[in-house]
């Protein structure tokens, strides 16, 4: 039998309360990583940690506001003091789809809603990545992962706000990688197709179904048909891809986007 892909790694997941964050945390732990779950609600984080522990994994939780630079730096300082090394930092934190008007066309989108992902997701990625990079540069190793989605490329109706944020995040990752990779630190974006079992996509397809006068299942099927594989993507697909990106098997991946959209959003 082979060893686990993340054996002995220390992994921090921001947004671990969310669908993708929770799935990734569980998969990282299953692959041997010690996981540190950061999010806004302790009860939710503890529930995920308990499931990980029950499966034989090791998990700790902390309530951390990813928009608070001092809080994020303090949290990562504490993880480093406890472990001596931070190997993986993945940020999947984000607002609810309804908060940024997902499903609304650009001409109907209030500027306040358009700005929500820029002021939350883009800001959070910069804060968490910068804090992680400060530790990783000193240890000459580590990987920082941003989770983005198919709206990072155009031609997804009603996804103006999130698409602009995803595009900014992918550009931020490339610029950060250029600066930190010579020190042995990788920065990678994982671009996913809409995960049909994630909370944000459930909310979005509900809006889409109402607009198109179809059922939510039909809206889900339309998303699946946008990919070459003609199958829906799930949070488990994203978590499995994140394991590969985080592992040493992907050591030559940095400053790039790993496109896991099954052809739905090509460069």
Rounded if a/c is under 1.5, else prolate if a/b is larger than b/c, else oblate: which is segment 1-125, with a ≥ b ≥ c the root eigenvalues of its Cα gyration tensor? prolate
Largest fluctuation, 101, 18, 184 only, Gaussian network model of the chain with Cα springs under 10 angstrom, belongs to 184
Which of 37, 76 comes first, and how do the rest follow, when ranked by fewest Cβ neighbours within 10 Å? 76, 37
Taking Cα atoms, the helix 19-30 axis meets the longest principal axis of the chain at an angle in degrees (rounded to 10) of 30
When N counts the residues of segment 100-188, how does its alpha-carbon radius of gyration compare numerically with 2.2 N^0.38 Å, as a ratio? 1.23
Could you state the per residue volume, in Å³, of the convex hull enclosing the Cα atoms of the chain? 128
Rounded to the nearest 0.05, what FRET efficiency do residue 215 and residue 252 have when you use their Cβ-Cβ distance and R0 = 30 Å? 0.10
Nearest 5 percent is fine: what portion of the DSSP beta bridges confined to the chain is antiparallel? 0
Virtual spin-label span in nm between residue 199 and residue 141, 7 Å along Cα→Cβ: 3.5
Quick check for you: which residues of segment 13-57 have the amide N under 12 Å from the point 7 Å beyond the Cα of residue 63 toward its beta carbon? 39-46
Which whole-number percent gives the relative contact order of segment 1-121, counting Cα pairs below 8 Å spaced six or more residues apart? 26
Label residue 240 and residue 178 with points 7 Å out from Cα along Cα→Cβ: what is the distance between them in nm? 3.5
C-alpha long axis of helix 160-180 to longest principal axis of the chain, angle in °: 30
Arranged by the count of other C-beta atoms within 10 angstrom, fewest first, what order do 172, 90 take? 172, 90
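Tell me, what is the percent relative contact order of the chain, built from C-alpha pairs under 8 Å that lie six or more residues apart?
20
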What is the extension gain from residue 266 to residue 47, computed as 0.36 nm multiplied by their sequence separation minus the C-alpha to C-alpha distance, in nm to one decimal? 75.2 nm
Order of 12, 35 - criterion: other Cβ atoms within 10 Å of each residue's Cβ, fewest first: 35, 12
Springs between alpha-carbon pairs under 10 angstrom, Gaussian network model over the chain: which of 254, 215, 204 fluctuates most? 215
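Rule-based calculations on the coordinates, nothing more; no lab input. Remember, it's a predicted structure, so these values are computed and weren't measured experimentally. For neighbour counting, all protein chains shown are included, and Cβ atoms are generated from backbone atoms with ideal geometry for every residue, glycine included.
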